[in-house]
Amino acid sequence: MIIVKSREEIELMRESALIVSKTLGMIASEIKEGVTTLYLDKLAEEFIRDHGAEPSFLGLYGFPNSLCMSPNAQVVHGIPNNKPLESGDVISVDCGAYKNGYHGDHAYSFEIGEVAPETKKLLQVTKESLYVGIRELKLGNRVEDVGNAIQRYTEAHGYGVVRELVGHGVGQKMHEDPEMPNYGKKGKGKLFVEGMVVAIEPMINMGTRNIKQLKDGWTILTADGKPSAHFEHDVAIIDGKPEILSTFGYIYKALGIVSNEEEEFRKTPLVL
């Protein structure tokens, strides 16, 4: 059952989402060659707690850390460790924060040093597909309209769309209805309603869509060992249209990137 949020609840969710956004912005300033993912995880936990929130992922279903950090062929759910990042790596950083009874949850894939052009393109197309999908989150549409848009956009570039892992509703629980797959048929799935909030998160592989899981019970890998990319936003339906509650703006500020990609999904400009 889709849990509809009031405007007041959505504003509380926006606060949680922006704590995640700020955390990822802090990570963007720290993530580089030679740094370990476990070090970044500790920084993130401290940052989230310093902002009056709790790490959503820590202990969730038994997960041992505050960040899911998934480099290169890891798709999602990578466990932070002491292996230093290397130039040429790409890494998905997925973060959650819980404050005022509501979760924020989103992700960004970072480049470390000099990344291969074909891998850069994978990240670019995957991020573009996120916004392609968000445009379909509106009254009159259904769940698979979002997935279909993401699937068509990414498969047109020859990429594989992961089937076993999907986006989801978000609110007082980290994972709520509806599931939001990154594939599907137009006109299928649950009908969107005013006040719903979902995490849309394309997980796109350079090669096959097939995946496998490590013996740690968490880490998901591409079956062919090729890189994967992952981007995620929290999005609400307000006045029938999608409005992004999270932002990559803090990441872009840290990295010196200029972008207006989020403007069409905001009623008022975001002040960082």
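The values are calculated or read from the model by the stated rules, or taken from the named source; none is laboratory data. None of the values given here were measured: they were computed from a predicted structure. All Cβ positions, glycine included, derive from the backbone under ideal geometry; neighbour counts span all protein chains shown. Accessible surface is based on the protein model in full, side chains and every heavy atom, while ligands, DNA and RNA are left aside. Shrake-Rupley method; radii C 1.70, N 1.55, O 1.52, S 1.80 Å.
Things to note:
- Sulfur and carbon atoms: percent of accessible area, the stretch 42-87 [1.4 Å]: 48
- Considering only A254, A44, A229, the Gaussian network model of the chain with Cα springs below 10 Å gives its largest mean-square fluctuation to A254.
- The trypsin sites (Lys or Arg not before Pro) of the stretch 181-258 meeting both criteria, a DSSP state outside H, G, I, E and B (loop) and at most 10 other C-beta atoms within 10 angstrom of the site's C-beta, are K215.
- For the options V125, V161, V90, a Gaussian network treatment of the chain with springs between C-alpha atoms closer than 10 Å singles out V125 as fluctuating the most.
- With N the number of residues in the chain, Rg(Cα) / (2.2 N^0.38 Å) evaluates to 0.92.
- Choice from P181, P202, P84 showing the highest fluctuation, given a GNM over the chain with Cα pairs closer than 10 Å: P84
- Between the alpha-carbon centres of the stretch 1-69 and the stretch 217-272 there is a gap of 14 Å.
- The stretch 1-109 - Kirkwood radius from inverse mean 1/r over Cα pairs (Å): 14.2
- A 1.4 Å probe run over the chain, with the rest of the protein chains in place, finds 43 Å² accessible per residue.
- Members of K190/K212; K22/K83; K99/K120; K22/K186; K138/K267 lying beyond 23 Å, as alpha-carbon distances in this model show: K190/K212; K22/K83; K99/K120; K22/K186
- Evaluated over the Cα positions of the stretch 55-104, the convex hull gives a direction-averaged projected area, one quarter of its surface, of 4.0 nm².
- Across all directions, the average projected area of the convex hull around the alpha carbons of the stretch 54-149 is 8.1 nm².
- Radius 14 Å from Cβ of K42, net charge of other residues (Lys, Arg +1; Asp, Glu -1): -4
- Within the same chain, aspartates and glutamates fewer than 8 places from K185 are excluded, and of the rest, those with a Cα less than 12 Å from its Cα are E144, D145.
- What the phi angles of the stretch 53-66 give under the Karplus curve with 6.51, -1.76 and 1.60, with θ = phi - 60°, is a coupling list of 10, 10, x, 5, 7, 5, x, 5, 6, x, 5, x, 9, 8 Hz, glycine and proline written as x.
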